[in-house]
Amino acid sequence: MKIIVAIKQVPDRDSQVRVDASGKWIVDTDLQYAMNESDAHALEEALQLKEKTAEAGGEVIVVTAGAESAGTVIREALAKGADRAIHILADDLPSRDSFGVASLLAAAVKDEKPDLILAGLQSEDLGNGQTGVILAELLGLPHATLILNVEKTDIGLRVKRELEEGWFQNIELPTPALLTIQSGGNKLRYATLMGIKRAKTKEVRQVAAASLGADVPAVAVLEQITLPKKQKSTQMLSGSPKEAAAALVEKLRLEVHVL
């Protein structure tokens, strides 16, 4: 089973983020980077599928688009068990919308003819949640989102989807297919020392974005980004203690979404 996993390098969640002078992106010179969380879960799902179907043979290929620095997440994926990687060299990734990024990925993997493509549900930096499903449409593949678990069957795949309010859906799909993976569906593994050593000998194919012929007009344009404003407010709940408690519970449930 040949599985392709799309991964992305994003700023580490503990990094101090500052908006740059243009107001359209962040100052990235002193940021720490990491693999996007839901992409890490997609990689783990792919590695587990490969292990479960080891007798039939299999391969896990990671693909990412970004600057040279994105090689760090590629090496992490290879150290965890991916077999090889495709690195689309694109210094202008922040200026590309979801359709533009998906077009790059589609052009880079179309000749691989995988049985399955996995991607994270959404990125931690932009959070659009669109790249995976657009990639599926560009490649003409059946797809499903919010996936927590994937099982190989004799006729294709059986997947578990997360729905609203604690509900789940189990569906079957034919292969090839594309799935976007939700965080938390599996336990992430650590790279072993042996895995880190083996990663140095694994193939990383670098492809210039310009050579893919996938430059498409932007559908969406990022006009401005701003940091969240810190604010606080006080609401006084009137009525009897019983009425005030009921009103508080209602606000916690409908406005704060903690119940």
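The values are calculated or read from the model by the stated rules, or taken from the named source; none is laboratory data. Not measured: the values here are computed from a predicted model. Positions of Cβ are generated from backbone atoms using ideal geometry, with glycine treated the same way; all protein chains shown enter the neighbour counts.
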I'm trying to understand the selection: among the residues of segment 212-221, which are of a type in the set (Val, Ile, Thr) and either closer than 16 Å to Leu138 by Cβ or in a strand (DSSP E or B) (or both)? Val216, Val219
Residue check, Ala107 surrounded by 17 or more Cβ atoms within 10 Å (Cβ to Cβ), in a helix (DSSP H, G or I) and either at pLDDT below 95 or more than 18 Å from the chain's Cα centre (by Cα) (or both): yes
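Any idea how many residues of segment 250-259 are assigned to a helix (DSSP H, G or I) and loosely packed, with under 11 Cβ neighbours inside 10 Å?
The first filter runs over segment 250-259 and keeps only residues assigned to a helix (DSSP H, G or I), leaving 250-256.
Subsequent filtering for residues that are loosely packed, with under 11 Cβ neighbours inside 10 Å retains 254-256.
Going through segment 250-259 one residue at a time, the tally reaches 3.
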For Ser38, state whether it is part of a helix (DSSP H, G or I), surrounded by 20 or more Cβ atoms within 10 Å (Cβ to Cβ) and either without any contact (Cβ under 8 Å) to a residue 40 or more places away in the chain or of a type in the set (Gly, Ala, Ser) (or both). yes
Please list, ordered by first then second residue, the pairs with beta carbon atoms under 7 Å, 6 or more apart or interchain, first in segment 99-124 and touching a residue at least 40 places away in the same chain (Cβ under 8 Å), second polar (S, T, N, Q) and in a helix (DSSP H, G or I). Ala119/Thr131; Gly120/Ser38; Leu121/Ser38; Gln122/Ser38
Please work out which residue is modelled with the lowest pLDDT, limiting yourself to segment 75-95 and to residues that are more than 15 Å from Leu118 (Cα to Cα) and surrounded by 20 or more Cβ atoms within 10 Å (Cβ to Cβ). Ala90
Counting only residues that are under 16 Å from Leu121 (Cα atoms) and either part of a strand (DSSP E or B) or among the hydroxyl-bearing types (Ser, Thr, Tyr) (or both), segment 4-35 contains a total of 6
Would you pick out the residues in segment 216-259 that are without any contact (Cβ under 8 Å) to a residue 12 or more places away in the chain and under 26 Å from the mean Cα position of the chain (by Cα)? Pro217, Pro228, His257, Val258
Pairs returned, first residue in segment 156-179 that is on the phi > 0 side of the Ramachandran plot, second residue that is not in a strand (DSSP E or B), beta-carbon separation under 7 angstrom, 6 or more apart or interchain, are Gly156/Pro174; Gly156/Thr175
Can you say whether Gln235 is polar (S, T, N, Q) and farther than 30 Å from Ala136 by Cβ, as far as the supplied structure shows? yes
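If you take the residues of segment 125-140 that are of a type in the set (S, T, N, Q) and without any contact (Cβ under 8 Å) to a residue 60 or more places away in the chain, which of them is farthest from Asn36 (Cα to Cα)? Can you show your working first?
From segment 125-140, those of a type in the set (S, T, N, Q) are 128, 130-131; that's our starting set.
The next check asks that each one be without any contact (Cβ under 8 Å) to a residue 60 or more places away in the chain; those that pass are 128, 130.
Working: Asn128: 13, Gln130: 15 Å.
Checked segment 125-140; the qualifying residue farthest from Asn36 (Cα to Cα) is Gln130.
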Residues of segment 49-74 being surrounded by fewer than 21 Cβ atoms within 10 Å (Cβ to Cβ), closer than 22 Å to Ser123 by Cα and of a type outside the set (Gly, Ala, Ser), which ones? Glu68, Thr72
Considering each residue of segment 75-102, count those that are part of a helix (DSSP H, G or I) and over 18 Å from Gln122 (Cβ atoms), and give that number. 7
Taking Glu151 as the residue in question, decide whether it is closer than 21 Å to Leu47 by Cα, without any contact (Cβ under 8 Å) to a residue 40 or more places away in the chain and surrounded by fewer than 16 Cβ atoms within 10 Å (Cβ to Cβ). yes
